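Structure, as structure tokens:
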Amino acid sequence: MSDTKFVLSEKEIPRQWYNLAADLPKAPLPPLGPDGNPISPDMLAPVFPMNLIEQEVSSDRWIDIPEEILEIYSMWRPSPLYRAKRLEKLLDTPARIYYKNEGVSPAGSHKPNTAVPQAWYNKQFGIERLTTETGAGQWGSALSFACSLVGLECKVFMVRISFDQKPFRRLMMEAWGGKCIPSPSTATQAGRNILEQMPDTPGSLGIAISEAVEAAVTDESGKTRYSLGSVLNHVMLHQTIIGQEAKKQLALAGEKKADVIIGCAGGGSNFAGLAFPFVLDKINGEDITIIPVEPASCPTMTRAPFAYDHGDTAGMTPLLPMHSLGHNFVPPPIHAGGLRYHGMAPLVSHAIELGLLEPLALHQLECYDAAVKFARTEGFISAPETSHAIAATIKEALKAKEEGKEKVILFNWSGHGLMDLKGYEMYFGGQLQDYALPDEEIEKSEEILKTYPKPVIV
Ligand SMILES: *Cc1c(COP(=O)(O)O)cnc(C)c1O
């Protein structure tokens, strides 16, 4: 019998994070301030602690993981690598399919891989409280968990409609001691302004970010900072623990190389975490196809321009060089809440511009179909976000069958869907539809982004 699972010992947890910025053939572009000039690290100091800002701007290839963080990682890391033997059989493919199971963390996704170091570095810096936003509640629960371990208060602004409709993630936050507030709220000026204009608004991620940033920077004690769960360089960095482990595990499985690497991409962090160590191999000449997958209803990588844009709706953040649908963009309400972001991580966007990645957009019905096939073969119930990676994997496995090739396909199983069963209910009830974003929407975004500086990679 061949092995199903490839498990490393705790001693084999990687000791360093990998920074792709050090190896990109052309240098990443800096964020810009309101005057159009690159921002300096100290301009970010009211929002993030300096030790994380140093990671954000670092060009060092390797960054040591502090012992205390390794100690916490050992609660769920190394995460197991699975061979999807039963899915392979269903597809009758010559491809060997592997997945990294990031659903084994206490919060149920890859997000604690960065929530823990972010909380820990803030604590080191003397911070007492973190604020953040959350859409469906995955990031808010991961950060509440991390704060409870290192001894920080955690205040989460949760998009109103999710707060009302998805009580379970909110209850997880409360179980870990986090304070969860529906956004827009009366706790911030940004929230009060919105409520005055639109008392019945369901809220949005952009509004919640504005509230969380405001709550951090206006705290007069100076002991509050803001935390973001994806998009930024230091978040991509922390997640690279996933790909480094996966390489060791593929070797354990007897594989000499991977041919195809796949991850779903909202802000880009779980994809980057798995893929960036393999992007390095590609830069060094290896033949690997690396695929970030997004929803066709929120097509940042496949249809939106590479532009300078704000990370939030109110325009409080610096301008980031990224594929963006525009900070005003309101994504249609598809179920993969974690993939409904208007932008894409600058490092992922940059790698796309350099031709290192091959992004793919998929419709949600195909993704739910893939998640159900996965549940009925591999057993695990996937998050709706993760289902995009599974659908792309199935496509690649069927392509390998057509070509008669024994490919090695690796994807990131970013999290379980046990808190997202409502989406499955709607899928089974035939209540979900596919939605392709009309061209006019893209043109509208391009129009808005025209007024900003253009990023030029040299
Ligand atoms: C948040 C989330 C995502 C999307 O975020 P990224 O930063 O792109 O990884 C994907 N999968 C799961 C399970 C998530 O919780």
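Treating r as the C-beta distance of GLU402 and VAL330 and R0 as 41 Å, the FRET efficiency rounds to 0.60. Comparing ALA400, SER445, LEU365 along the charge dipole axis of the range 352-458, the residue lying farthest to the positive side is ALA400, per the Cβ-charge model. Legend: ranking of residues GLU402, GLU211 from fewest to most surrounding C-beta atoms inside 10 Å; resulting order GLU402, GLU211. Counting neighbouring Cβ atoms within 10 Å and putting the fewest first, the residues VAL156, VAL372, VAL213 line up as VAL372, VAL213, VAL156. Taking 15 Å as the cut-off, the amide N atoms of the range 297-333 that come nearer than this to a point 7 Å along the Cα-to-beta-carbon line of GLU447 belong to 326-330.
Charged side chains reduced to their Cβ positions (Lys and Arg at +1, Asp and Glu at -1) give the range 112-228 a dipole of some 300 debye around its Cα centre. With the charge dipole of the chain set up from +1 on Lys and Arg Cβ and -1 on Asp and Glu Cβ about the Cα centre, the Cα lying farthest toward the positive end among the listed residues ALA296, VAL47, ASN412 is that of ASN412. Remark: the range 244-335 carries a charge dipole of roughly 100 debye about the Cα centre, counting +1 on each Lys and Arg Cβ and -1 on each Asp and Glu Cβ.
Straight-distance candidates among the lysines for linking to LYS405, with alpha-carbon spacing under 27 Å and chain neighbours fewer than 8 residues away dropped: LYS5, LYS85, LYS89, LYS100, LYS247, LYS248, LYS256, LYS257, LYS282, LYS373, LYS395. The simple spin-label model puts a point 7 Å past each Cα toward its Cβ; for THR186 and VAL458 those points are separated by 5.4 nm. Summed over qualifying helices (DSSP H, 4 residues or more, each -39500 (n - 2.57)) and divided by its residue number, the chain shows a 222 nm mean residue ellipticity of -12000 deg cm²/dmol.
Residues SER221, SER141 in ascending order of nearby Cβ atoms (within 10 Å, fewest first): SER221, SER141.
Of the GluC sites (Glu not before Pro) found in the range 261-367, those in coil by DSSP whose Cβ has at most 13 other Cβ atoms within 10 Å are GLU286.
What number, in percent, do you get for the relative contact order of the chain if the mean sequence gap of Cα pairs under 8 Å and at least 6 apart is divided by its residue count? The value is 19 percent.
For the chain, CYS180, CYS264, CYS298, CYS367 stand unpaired, since no other cysteine beta carbon lies under 4.7 Å from theirs. Packing here is the average count of other Cβ atoms within 10 Å per residue, and on that basis the peptides 384-391, 46-53, highest first, run 384-391, 46-53. Each label was represented as a point 7 Å from its Cα along the Cα-to-Cβ direction; for VAL7 and GLU196 these points are 5.9 nm apart. Here's the picture: charge each Lys and Arg Cβ at +1 and each Asp and Glu Cβ at -1 in the chain, and of LEU20, ALA216, PRO321 the one pushed furthest to the positive end of that dipole is LEU20.
Read the figures in this text as sums done on the coordinates, not as results from a lab. Just so you know, these numbers come straight off a predicted model, no measurement behind them. Cβ coordinates were reconstructed from backbone atoms using ideal geometry, including for glycine residues, and neighbour counts include every protein chain displayed.
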